[in-house]
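These notes are about the structure you will find just below.
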Amino acid sequence: MTSGSTSARAAGLDMKNSDMTVPAATSAASANPTTDWPAPRADRPVVGAFSVPGSKSLTNRYLVLAALADDDSLLRAPLRSRDTLLMAQALRSMGVQVEDVPGDSPEGDDWHVTPAPFRGPAQVDCGLAGTVMRFLPPVAALADGPVAFDGDEHARNRPMGPVLQALADLGVRIDDDGRRALPFTVHGPGAVTGGRVEVDASTSSQFVSALLLSGARFDEGVTIVHTGATLPSIPHIDMTVEVLRDAGVVIEVGDDIDADGRGSYAWSVEPSDIRALDVMVEPDLSNAAPFLAAAAVTGGEVFMADWPTFTTQPGDHIRGVLERMGCEVTLDRDGLRVRGPESGRLRGIDVDLTEASELTPVVVALCALADGGSRIRGVAHIRGHETDRLAALSREFTAIGAQVHETEDGLVITPVPREVLHGGLFHTYDDHRMAMAAAVVGLVVDGIVVENVGTTAKTLPHFDRRWEALLDGTSAAHEPALQRTV
């Protein structure tokens, strides 16, 4: 990741206004938002190259920092998906300019961001995006008027209390009728004093990231002390720390020791300006996971040219998972290559996904097709994701003949012969990761129909087209010489 203080406007960019309508989670293949999709069955090992667009996690962090910065920023190759378009539109509603400018990415234009004083009244549609509903309330506290937040129906069930309580503890007025959930209104006083605040982030690391991203703009900065027993997805906090430091923010990471000698995670952000950004957004490694899994479950070979050699993205953990399950995984300067076992048979795995819980659905699909039993640990918090992912995964995989059972903090997968698995409608609960998991299973199980595949537009537009292109060999990605015989 790189950043710079050079103004994108000063560089003489040819800008155009982006009067962009935020799409619902519609299918790439149809305008019907509830289109069901027969998952393609692979009749041979999957061999090919693929690419995925920019990281959602990075794009939305960069958008927030660019809105808070002291000059214009340029985001190169940003992800354009439902979650990121919602973030861009939310920032526009508070007075920030987010405009399209020509870029080099085949995925679309770059984004030029011009910061401005945040204003209210404003309305923020969060959709089902955790980054929008959690990252923006601290930004809204810096506005000079009320900012109302709401989202999709299930968004009202997603945990919000810790970040709203933290803002209230810092003196910000929150109108939520005591629910500490969507819908709510942040009555921005135009400034936040800041200081020390305690947060229980055991249900989502995004509560910490939300306060870190805006903390440099608080009068006294912010010191955040995590009080919960567990802290999931720490790499996402590391990602936030890294992008803040790239923007010139001084942040210290350490322990906070109380009077009894007990310690907890703590982060301290000094008050300062935030430098403008000129950044290339990394590809989304979590969105790459199902394409890598395609090689694993079919005994094929896939290649991704732009996999970073260093990254804070939790999705990078998929490399270790695939190796432990019997795949050959090679990362070098050319890119990432994954070769599945020639038999297509995978080993079971006992894995802690606390730091990469977003991989859970695809890993469950791999485990359901493995020869040995598997256990996934450390992911109790994903019950509060787009849906209750543990319940949904257990229910849907059991419905097609697998044996997947919930535990207190994860799932146990008991092996069954692949021949026992059968087709059926795989419900996705408007959860993009559920749809991706279903597509992986559909490669080796006849008759899997993915409910509302368009929900994948949340983070990966045109997932179904990309999937079909890899399977039929028409992927536009650069393809090196591949070794696997088909």
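The values are calculated or read from the model by the stated rules, or taken from the named source; none is laboratory data. All figures in this text were calculated on a predicted structure; none of them were measured in a lab. So basically every Cβ, Gly included, is an ideal-geometry build from the backbone, and we count neighbours across all protein chains shown. Protein only, heavy atoms only, side chains kept; ligands, DNA and RNA dropped before computing areas. Shrake-Rupley method; radii C 1.70, N 1.55, O 1.52, S 1.80 Å.
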Picking from Val404, Val379, the residue that is of a type in the set (Val, Ile, Thr), surrounded by 18 or more Cβ atoms within 10 Å (Cβ to Cβ) and touching a Pro at 6+ places or on another chain (Cβ under 8 Å) would be Val379
Which members of segment 80-98 meet the condition of being more than 20 Å from Met280 (Cα to Cα) and surrounded by fewer than 22 Cβ atoms within 10 Å (Cβ to Cβ)? Gln89, Arg92, Ser93, Gly95
Filter result (buried (at least 18 other Cβ atoms within 10 Å of the Cβ), in a loop (DSSP other than H, G, I, E, B) and in contact with a strand residue (DSSP E or B) (Cβ under 9 Å, 6 or more places away or on another chain)) within segment 428-458: Thr428, Glu451, Asn452
Restricting attention to segment 469-481, does a residue exist that is modelled with pLDDT of 95 or more, in a loop (DSSP other than H, G, I, E, B) and not aromatic (Phe, Trp, Tyr)? no
Residue match in segment 384-398 (condition: in contact with a strand residue (DSSP E or B) (Cβ under 9 Å, 6 or more places away or on another chain), without any contact (Cβ under 8 Å) to a residue 40 or more places away in the chain and open to solvent by 30 Å² or more (accessible area, probe 1.4 Å)): yes
Name the residue that is least open to solvent (accessible area, probe 1.4 Å), counting only residues in segment 111-120 that are assigned to a loop (DSSP other than H, G, I, E, B) and in contact with a Leu (Cβ under 9 Å, 6 or more places away or on another chain). Phe118
Among the residues listed as Ala380, Ala391, Ala399, Ala368, the single one being more than 21 Å from Gln313 (Cβ to Cβ) and touching a Phe, Trp or Tyr at 6+ places or on another chain (Cβ under 6 Å): Ala368
What number of residues in segment 121-143 are in contact (Cβ under 8 Å) with a residue 40 or more places away in the chain and either open to solvent by 20 Å² or more (accessible area, probe 1.4 Å) or in a strand (DSSP E or B) (or both)? 1
Suppose the filter is charged (D, E, K, R) and either at pLDDT below 85 or closer than 17 Å to Ala457 by Cβ (or both); does Asp70 pass it? no
Log entry, pairs with first residue in segment 448-468 being on the phi < 0 side of the Ramachandran plot, second being of a type in the set (Asp, Glu) and open to solvent by 20 Å² or more (accessible area, probe 1.4 Å), beta carbons closer than 7 Å, six or more apart or on different chains, reads Val449/Asp36; Val450/Asp36; Glu451/Asp36; Thr455/Asp430
When you go through (1) more than 20 Å from Ile251 (Cβ to Cβ); (2) touching a strand residue (DSSP E or B) at 6+ places or on another chain (Cβ under 8 Å) one by one for Arg158, which number turns out not to apply? (2)
Return the total of residues in segment 61-79 being touching a Phe, Trp or Tyr at 6+ places or on another chain (Cβ under 7 Å) and assigned to a helix (DSSP H, G or I). 1
Condition first: assigned to a loop (DSSP other than H, G, I, E, B) and modelled with pLDDT of 95 or more. Now tell me which residues in segment 206-229 satisfy that. Ala216, Arg217, Phe218, Asp219, Glu220, Gly221
Inside segment 150-188, the number of residues satisfying the requirement of being more than 15 Å from Gln206 (Cβ to Cβ) and in a helix (DSSP H, G or I) is 6
Look at segment 164-221 and say how many of its residues are within 25 Å of Glu355 (Cβ to Cβ), touching a Ser or Thr at 6+ places or on another chain (Cβ under 6 Å) and open to solvent by 20 Å² or more (accessible area, probe 1.4 Å). 3
Residue match in segment 159-181 (condition: under 22 Å from the mean Cα position of the chain (by Cα) and at pLDDT below 95): yes
Could you check, for segment 408-427, whether at least one of its residues is part of a loop (DSSP other than H, G, I, E, B) and hydroxyl-bearing (Ser, Thr, Tyr)? no
For Asp255, only one of the following conditions fails: (1) outside any loop (DSSP other than H, G, I, E, B); (2) open to solvent by 10 Å² or more (accessible area, probe 1.4 Å); (3) at pLDDT 95 or above; (4) of a type outside the set (A, V, I, L, M). What is its number? (3)
Looking for something open to solvent by less than 10 Å² (accessible area, probe 1.4 Å), under 30 Å from Gly348 (Cβ atoms) and part of a helix (DSSP H, G or I) - is there at least one such residue anywhere in segment 240-247? no
Out of the residues in segment 299-336 that are among the charged types (D, E, K, R) and more than 16 Å from Leu359 (Cβ to Cβ), which is surrounded by the most Cβ atoms within 10 Å (Cβ to Cβ)? Glu301
Going through Pro146, Pro159 one at a time, which residue ends up being in contact with a Ser or Thr (Cβ under 6 Å, 6 or more places away or on another chain) and surrounded by 17 or more Cβ atoms within 10 Å (Cβ to Cβ)? Pro159
List every residue pair whose Cβ atoms sit under 7 Å apart, with the two residues 6 or more apart in sequence or on different chains, where the first one lies in segment 349-364 and is closer than 13 Å to Asp409 by Cα and open to solvent by less than 10 Å² (accessible area, probe 1.4 Å) and the second, anywhere, is assigned to a loop (DSSP other than H, G, I, E, B) and of a type in the set (A, V, I, L, M). Leu353/Val379; Ser357/Val379; Thr360/Leu353; Thr360/Val379
